[in-house]
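Visitor: Below: one structure in structure tokens.
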Amino acid sequence: MADIYDFNAVERKWQAYWDAHRCFEAEKDHTKPKFYALVEFPYPSGAGMHVGHIKAYTSLEVLSRKRRMQGYNVLFPMGFDSFGLPAENYAIKTNTHPHVITTANIEHFKDQMKRVGYSFDWSREIATSVPDYYKWTQWIFLKLFDHGLVFRAKTLVNYCPNCKVVLSNEDSQGGKCDVCHSDVVQLPKDVWYLKITAYADKLLNGLNDVDYPDSIKQQEIDWIGKSVGAFVNFRLKDIPEALEIYTTRCDTLFGVTFMVIAPEHPMLDKYRDRIQNWDEVEAYRAACAKKTEFERTQLSKEKTGVRLEGFTAINPVSGREIPVFIADYVMMGYGTGAIMAVPAHDQRDWEFAKKFGVEIIPVIEGGDIEKEAYTGDGRMINSDFLNAYDNKKDSIAAMLDYLGAHRLGRKGIQYKMKDWAFNRQRYWGEPIPLIHCEKCGTVGVPYEELPLRLPDVENFAPGTDGQSPLARIESFVNCTCPQCGGKAKRETDTMPQWAGSSWYYLRFIDPHNDKVFCDPEEMRYWMPVDWYNGGMEHVTRHLLYSRFWHHFLYDIGEVNTPEPYAKRTYQGLILGPDGDKMSKSKGNVVDPVSVIERLGADTLRLYVMFMGDYMAATPWNEDSANGCKRFLDRVWRLQDMVKGEGYTDDEMRTKVNACIKKVGEDYERMKFNTAIAAMMTLVNDFYAKGSLTKDEFRTLLQLLNPVAPHISEELNERLGFTPLHHAAWPQFDPSALVENTVEYGVQVNGKVRARIKLPVGMEQKAIVDAALALDDVKPFVEGKTIRKTIVVKNIINLVVG
RNA sequence: GCGAUUGUGGUGGAACGGCAUACACAACGGACUUAAAAUCCGUCGGGGAAACCUUGCGGGUUCAAAUCCCGCCAAUCGCACCA
């Protein structure tokens, strides 16, 4: 009898072995087929690993181990996204340097990852907060600056009053701060932007060339939000300037009976003298400014607004004079901040018109505009030269021609995506390598001076005046202009959270290079990332940002592929045992380390892969995890049942080979749960037989190794074989899968009545006759006419009547 | 409001249009134990004598539907007055 399965001892033993033999370092050999598997590197929080990390990493861990066994040169790296607000907030609270906190957290994370037994290539570990790394983040930033993709503008920005930082649009989704979930407010501020909108079309088109799930592509497409429409100029009565609007419905131009501009629109201040009810306007603007973005965008909210007295527009096609309003349902941040209102065919405009008593003129036939706006298609009416047309498309084209010919408007494209607000008024981030010179303007720090190091400070708290702590360090701020040599000041804001992660997959390829960010030859071999797994929450943030940077680097010839990631997948959430999202406040958080201590790392890995469909959200179930431990115990005890070599018999030969095929295919499809189920079935078969051969056992261990590497290595060693980590992945023998009988289900009128086993290759008539002769079938066909018989695969269907 | 995803036993979940409920968990029964744990063996959608019913609900296509189509309902996620 074998000893009992001491998972703790076995796991420590093999982890030490892998470390000592550097088993998982990618090879220099560029002649081998490569597999670059990437999982999102974590932010090293003080809490350590979460079971969500386990699910995110174990999938590609399994694929990486399998591919290594298949002879691929595998790059499966890990590092840390170590700049960020939580470390800084903790630093302020405890008055410890964020660097100290971050270093300790990284060690903690690394230790935990090793205890899970991950086959990461630790020789390539990186951290985004290390100068050797952020030197190149700054380098890419300067390249963006040199190519005109960095600009400064004073506009309304998303601002988190709690974190005291400006947030990008992506970081304030739903009107909440991404870090602390406070309500975001809109403030006019002067900030740096990266011109991601210049890459909107490339980001859209690039989706055609990558293997992402449709749900991810769709989310990116929606976020970018491309729309094709027209800019149209409306003349204003007694005012020399025209009011420009953006519309996707210029077919309805004859139905425009009023205009609405956003409360923040600059024309208001410009022509305040002409607005006779300025007091009323100003009061309305003040009321709007108080509302949060979230409140303002509540769709259900009743329309409000103020008519501008003395400010009248002229419909460019009908020549009619129309009133102009300000209303907060029009946003300054989209289009031109002004709209033409077509109450007959836009529900928002309809509601507004009803409330303010504005005329409603239908221009498309259909619907009942007394009840609501008609947004469907139809024949054009009340529209002069468009009256001949029937649908949107033709009338839009005709209208665009007309507008162009009369210089009233032009075709235009708009995106919902906004430029990337790229600075934080905080300490723990990459210093922005720019210098402000009174004579030369904004100048980049010379490339040879990189990295621009983050100076030490005493006090990490942001300034009350909205400035970074760096602004208080004179030795940092004051410098000379690299262009004219005169006195100058450094930019004191730092880069946002997402900067370092926007290119980290490139650094993993060549992490220690101090000449270039990545050696081109290494890059040609390893890029693109073959398979990238991560969270759905990063689709409209990190994924978009890094694709943007990569497209830019491709355009300037620094990388060899337009898209960084050939294939992207995501993991479903692990919910708490109560079925709710895990959260500290609910007290339903499962700690992976405690699972390792109770059940072992192999069980943790096995359970997380077995618990359900990989991409679906599944609640944690401790009993079920226990069942996975029980399975590994059963595998352990198989060592006492080993008898002989080769195959036990033909039946087992078929079953083992079928299992090889199924497990290999299921791993690649991320159907880990069914792969594991197939191995469980095989183990049950071994138990039913009461024995298994050495070779059958070895095959099982090879299949199991990617998921449960420790126990399989140990048992494999006990069998006397060489280690599995680079051993050949088993190949199935197709001849073993060829069956000489088929078991048919016999249906009568589509209902299963019997089963029958027949030799392969029988004539259809003989098969049907055999089915008809069955006792279970006879009662259902006797005295009836057989109208049709169908024999497909393993079904015989007899249609009688 | 728009978009995406999902709805299958007590539970997690299987199922290229082809034998629904694989594999587990829980529960129950048995064996082994003085006993318990562990282990092993069995039962396990409903209803029953059988027929029959059963993949959220209602239609449809098909020899055959959990799967495809149409209409509802519910849940989750994302976007949200985007002009």
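Visitor: So what are the ³J(HN,Hα) numbers for region A:519-531, from phi and the Karplus equation (6.51, -1.76, 1.60; θ = phi - 60°), rounded to whole Hz, Gly and Pro as x?
Guide: 5, x, 5, 4, 5, 4, 6, 8, 7, x, 4, 6, 8
Visitor: Take every Cα-Cα pair in region A:722-785 and report what % of them are more than 15 Å apart.
Guide: Numbers: 1288 of 2016 pairs.
Distances greater than 15 Å cover 64 percent of the Cα pairs.
Visitor: Which order, highest average first, do A:728-734, A:699-705 follow once you tally other Cβ atoms within 10 Å for each residue and take the mean per peptide?
Guide: Ranked by mean Cβ neighbours within 10 Å, highest first: A:699-705, A:728-734.
Visitor: Regarding chain A, what's the average projected area of the Cα-atom convex hull, expressed in nm²? Display every interim value, and only then the final one.
Guide: Details: hull surface 185.2 nm².
So the Cα hull casts an average projection of 46.3 nm².
Visitor: Report, ordered by chain and residue number, the aspartates and glutamates lying within cross-link reach of A:Lys784, taken as a straight Cα distance under 20 Å and ignoring same-chain residues fewer than 8 apart.
Guide: Answer for A:Lys784, where 20 Å is the Cα cut-off: A:Asp769, A:Asp775, A:Asp776, listed by chain and number.
Visitor: Report, in debye and to the nearest 20, how large the dipole of region A:303-405 comes out about its Cα centre when Lys and Arg carry +1 and Asp and Glu carry -1 on their Cβ.
Guide: Numbers: 10 positive and 16 negative charges, 48 e Å.
Charge dipole, region A:303-405, about its Cα centre: 240 debye, nearest 20.
Visitor: How big, on average over all directions, is the shadow cast by the Cα convex hull of region A:380-458, in nm²?
Guide: Details: hull surface 47.0 nm².
That works out to 11.7 nm², a quarter of the Cα hull's surface.
Visitor: Would you give the gap between the C-alpha center of region A:229-275 and the C-alpha center of region A:711-733, rounded to a whole Å?
Guide: 74 Å
Visitor: Can I ask one more? Can you give me the C-alpha center-to-center distance between region A:425-457 and region A:142-174, rounded to a whole angstrom?
Guide: Comparing the Cα centres of region A:425-457 and region A:142-174, I get a distance of 17 Å.
Visitor: Provide the convex hull volume over Cα atoms per residue for region A:201-275, in Å³.
Guide: Numbers: hull volume 11.0 nm³, N = 75.
Roughly 147 Å³ of hull volume per residue.
Visitor: Could you give the radius of gyration (one decimal) and Dmax (whole number) of the Cα atoms in region A:172-219, in Å?
Guide: Expressed in Å, the Cα Rg and Dmax of region A:172-219 come to 15.4, 40.
Visitor: Let me ask something additional. Please provide three numbers in whole Å: the alpha-carbon extents of region A:539-666 along the principal axes, with the largest listed first.
Guide: Over region A:539-666, Cα extents along the principal axes are 64, 45, 22 Å.
Visitor: Which part of region A:557-584 falls in the paramagnetic zone of A:Arg524, meaning amide N under 12 Å from the point 7 Å along Cα-to-beta-carbon?
Guide: A:560
Visitor: Can you compute 3J(HN,Hα) from phi for each residue in region A:718-731, using the Karplus curve 6.51 cos²θ - 1.76 cosθ + 1.60 with θ = phi - 60°, rounded to whole Hz and x for Gly and Pro?
Guide: Here the 3J(HN,Hα) series is 5, 6, x, 9, 6, x, 7, 4, 10, 6, 5, 6, x, 10 Hz.
Visitor: I would also like to ask the following. Give me the extension gain from A:Thr248 to A:Asp465: residue separation times 0.36 nm, minus the current Cα-Cα distance, reported in nm with one decimal.
Guide: Using 0.36 nm per residue and subtracting the Cα-Cα distance, I get 73.9 nm.
Visitor: So how much slack lies between A:Asn749 and A:Lys291, counting 0.36 nm per residue of separation and subtracting their Cα-Cα distance, in nm?
Guide: On the way: separation 458, 0.36 × 458 = 164.88 nm, distance 6.57 nm.
Stretched fully, the A:Asn749-A:Lys291 segment lengthens by 158.3 nm.
Visitor: So who's got an amide H within less than 5 Å of the one on A:Tyr271, skipping anything under 5 residues away but keeping other chains? H placed 1.01 Å off N, in plane.
Guide: none
Visitor: Can you list residues whose amide H is under 5 Å from A:Phe234's amide H, if they're 5+ apart or on another chain and H is modeled 1.01 Å from N?
Guide: For A:Phe234, whose amide H was placed from the backbone, the distant partners under 5 Å are A:Leu243, A:Glu244, A:Ile245.
Visitor: From largest to smallest, what semi-axes in whole angstrom does region A:478-623 give when each is the square root of 5 times an eigenvalue of its alpha carbon gyration tensor? List each step's numbers first, then the result.
Guide: Values: eigenvalues 328, 95, 46 Å².
Those come to 40, 22, 15 Å.
Visitor: Once the Cα gyration tensor of region A:510-575 is diagonalised, what are the square roots of 5 times its eigenvalues, in whole Å and ordered largest first, as equivalent ellipsoid semi-axes?
Guide: Details: eigenvalues 128, 36, 24 Å².
Output for region A:510-575: semi-axes of 25, 13, 11 Å.
Visitor: Kindly express, to the nearest 10 degrees and within the range 0 to 90, the angle between helix A:347-356's C-alpha long axis and the longest C-alpha principal axis of chain A.
Guide: 30 degrees
Visitor: Under a point spin-label approximation (7 Å from Cα along Cα-to-Cβ), what is the A:Lys515-A:Met536 distance to one decimal in nm?
Guide: Result for the modelled spin labels: 4.6 nm.
Visitor: May I pose another question? Of the listed peptides A:393-401, A:352-360, A:561-569, what is their order by residue-averaged count of other C-beta atoms within 10 Å, with the highest listed first? Working shown, then result.
Guide: Details: A:393-401: 17.8, A:352-360: 16.0, A:561-569: 19.6.
The densest-packed peptide leads the list: A:561-569, A:393-401, A:352-360.
Visitor: Continuing with this model, one more query. How large is the direction-averaged shadow of the alpha-carbon convex hull of region A:1-114, in nm²? Don't skip to the end; give the middle numbers.
Guide: On the way: hull surface 39.9 nm².
Taking a quarter of the hull surface, the average projection is 10.0 nm².
Visitor: Subtract the Cα-Cα distance of A:Ser182 and A:Asn205 from 0.36 nm times their separation in residues, and report this length gain in nm to one decimal. Provide the component values of the computation, followed by the final result.
Guide: On the way: separation 23, 0.36 × 23 = 8.28 nm, distance 3.49 nm.
Stretched out fully, the A:Ser182 to A:Asn205 stretch lengthens by 4.8 nm.
Visitor: Output the antiparallel fraction of DSSP beta bridges having both residues in chain A, as a percent to the nearest 5.
Guide: So the antiparallel bridges in chain A amount to around 75 percent.
Visitor: Taking θ = phi - 60°, what integer Hz values does the Karplus form 6.51 cos²θ - 1.76 cosθ + 1.60 yield along region A:625-631, in sequence order, with x for Gly and Pro?
Guide: Per residue, the Karplus-derived 3J(HN,Hα) values read 4, 4, x, 5, 4, 4, 4 Hz.
Visitor: Same structure, new question: Place +1 on the Cβ of every Lys and Arg and -1 on the Cβ of every Asp and Glu in region A:408-492, take the dipole about the Cα centre, and give the residue among A:Phe460, A:Ala421, A:Ser475 whose Cα lies farthest towards its positive end.
Guide: Positive-end residue among those listed: A:Ala421.
Visitor: Using r as the Cβ-Cβ distance of A:Ser583 and A:Asp19, and R0 as 35 Å, what FRET efficiency do you calculate, to the nearest 0.05?
Guide: Numbers: r = 35 Å, r/R0 = 0.99.
Efficiency, from the Cβ-Cβ distance: 0.50.
Visitor: Further question on the same structure: Per DSSP H run of at least 4 residues, take -39500 (n - 2.57); add these up for chain A, divide by its residues and hand me the 222 nm value, nearest 500 deg cm²/dmol. Intermediate values should be presented prior to the final figure.
Guide: Working: 26 runs with 279 residues, N = 801.
For chain A, the value works out to -10500 deg cm²/dmol.
Visitor: Kindly identify region A:34-178 as rounded, prolate or oblate by the Cα gyration tensor criterion: order the square roots of the eigenvalues as a ≥ b ≥ c, call it rounded if a/c is under 1.5, otherwise compare a/b with b/c, prolate if a/b is larger, else oblate. Spell out each step's value before the answer.
Guide: Numbers: a/c = 1.97, a/b = 1.50, b/c = 1.31.
Since a/c reaches 1.5 and a/b is larger than b/c, the shape of region A:34-178 is classed as prolate.
Visitor: Would you mind working out the magnitude of the charge dipole of region A:631-774 relative to its Cα centre, with +1 at each Lys and Arg C-beta and -1 at each Asp and Glu C-beta, to the nearest 20 Debye? Don't skip to the end; give the middle numbers.
Guide: Numbers: 18 positive and 20 negative charges, 104 e Å.
Approximately 500 debye in magnitude.
Visitor: Quick one: which residues, 5+ away or cross-chain, put their amide H under 5 Å from the amide H of A:Arg568? H built at 1.01 Å from N.
Guide: A:Asp211, A:Tyr212, A:Tyr532
Visitor: Can I ask one more? Thinking of region A:621-753 as a set of Cα atoms, what percent of all their pairs are more than 23 Å apart? Show your work: numbers first, answer last.
Guide: Details: 3222 of 8778 pairs.
Of the Cα pairs, 37 percent sit more than 23 Å apart.
Visitor: Something else now. If I fit a long axis through the Cα atoms of helix A:278-290 and take the longest principal axis of the Cα atoms of chain A, what angle between them do I get, 0 to 90°, rounded to 10?
Guide: The angle comes out at about 20 degrees.
Visitor: Once the Cα atoms of helix A:672-689 and of chain A are each reduced to a long axis, what angle between those two axes, in degrees from 0 to 90 to the nearest 10, is obtained?
Guide: Around 10 degrees separate the two axes.
Visitor: Measuring from label point to label point, each 7 Å out along Cα→Cβ, what is the A:Lys114 to A:Phe151 span in nm?
Guide: Those two pseudo-labels are separated by 5.0 nm.
Visitor: Sorting check: for A:9-20, A:607-618, which peptide has the highest mean count of neighbouring beta carbons within 10 Å, and how do the rest follow? Mind showing how you got there, number by number?
Guide: Numbers: A:9-20: 15.8, A:607-618: 19.4.
So the order, starting with the most tightly packed, is A:607-618, A:9-20.
Visitor: Which parts of region A:236-265 would a label at A:Asp384 reach, counting a residue when its backbone N lies under 17 Å from a point 7 Å out along Cα-to-Cβ?
Guide: Once the point is set 7 Å along Cα→Cβ of A:Asp384, A:236-237, A:250-258 turn out to lie under 17 Å by backbone N, inside region A:236-265.
Visitor: Assigning unit charges at the beta carbon (Lys, Arg +1; Asp, Glu -1) and nothing else, what dipole magnitude in debye, to the nearest 20, does chain A show about its Cα centre? List each step's numbers first, then the result.
Guide: Numbers: 98 positive and 109 negative charges, 133 e Å.
Its charge dipole is roughly 640 debye.
Visitor: Given 37 °C and 0.692 mPa s, compute D for region A:441-531 with the Stokes-Einstein relation, Rh being the Kirkwood radius over Cα pairs; round to the nearest whole µm²/s. Don't skip to the end; give the middle numbers.
Guide: Numbers: Rh = 16.2 Å.
D = 202 µm²/s.
Visitor: Along the Cα-to-Cβ line of A:Asp591, 7 Å from the Cα, sits a label point; which residues in region A:110-124 have backbone N less than 14 Å from it?
Guide: Residues A:112 fall inside that zone.
Visitor: Describe numerically, in nm with one decimal, the distance between label points set 7 Å from Cα along Cα→Cβ at A:Thr674 and at A:Glu241.
Guide: 6.3 nm
Visitor: With a probe of 1.4 Å, find how much accessible area region A:538-632 has per residue, and write the answer as a whole number in Å². Could you put the intermediate results ahead of the total?
Guide: Numbers: 3390 Å² over 95 residues.
Per residue, region A:538-632 has an accessible area of 36 Å².
The values are calculated or read from the model by the stated rules, or taken from the named source; none is laboratory data. Keep in mind it's a predicted model, so treat the numbers as computed, not measured. Using ideal geometry, Cβ is built from the backbone for each residue, glycine included, and neighbour counts are taken over all protein chains shown. What goes into the accessible areas is simple: the full protein's heavy atoms, side chains included, and nothing from ligands, DNA or RNA. Shrake-Rupley method; radii C 1.70, N 1.55, O 1.52, S 1.80 Å.
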